[in-house]
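The values are calculated or read from the model by the stated rules, or taken from the named source; none is laboratory data. Everything numeric in this text was worked out from a predicted model, so none of it was measured. Positions of Cβ are backbone-derived with ideal geometry, glycine not excepted, and every protein chain shown enters the neighbour counts.
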Amino acid sequence: MIGHDELMAYLDGELAPDRVRAVEEALERSTELKRELMVFRAMKTDLREVGAGVTRTESVWTAVNRRLTRPVGWVLLVAGIAVWVAYGVYTYLTGGYALWEKVALSAVIIGMAILLLSAFVDRYQDLKTDPYKEIER
């Protein structure tokens, strides 16, 4: 009887020649074993794709974390900030402050946002033309 461990070892090319023949004979007789081999091959391909972006100092699980959890975290962060900003704007506009106070505070906030945005745009343009961006530190 061929087990999962032996089937994986066959797939990885880690079996002795006599065991390779035994596994191949078992594969010829069993459609269930062929199906399991196909599933294991698909899993191995998927793991290779995940591991394609993995460096020598990085584990596969770190790559999975980078590909899956970080985007979800960014989406939740942006959605939360958007809700808080919308609530703050609503509270600000419906509050009992004088018009000149609202205009003054709005000018300060918009000015800071423009400065911050321009700094980000400048940094982004610098990164696009940076001749040393491919060099690892």
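Quick notes
- Matching helices (runs of 4 or more DSSP H) fully within the stretch 24-137 where at least 2 residues are closer than 21 Å to residue 12 by Cα: 31-51, 60-64
- Lone unmet requirement of (1) under 30 Å from residue 7 (Cβ atoms); (2) free of Cβ contacts under 8 Å to residues at least 12 places away in the same chain for residue 122: (1)
- For the stretch 11-22, a residue qualifies if it is at pLDDT 90 or above and either in a helix (DSSP H, G or I) or hydroxyl-bearing (Ser, Thr, Tyr) (or both), and the qualifying residues are 17, 18, 19, 20, 21, 22.
- Any hit, the stretch 59-74, residues being modelled with pLDDT under 85, loosely packed, with under 10 Cβ neighbours inside 10 Å, small (Gly, Ala, Ser) and within 30 Å of residue 4 (Cα to Cα): no
- Pairing residues of the stretch 91-114 that are surrounded by 11 or more Cβ atoms within 10 Å (Cβ to Cβ) with residues that are among the charged types (D, E, K, R) and in a helix (DSSP H, G or I), at Cβ distances under 8 Å and at least 6 apart in sequence or on separate chains, gives 92/102.
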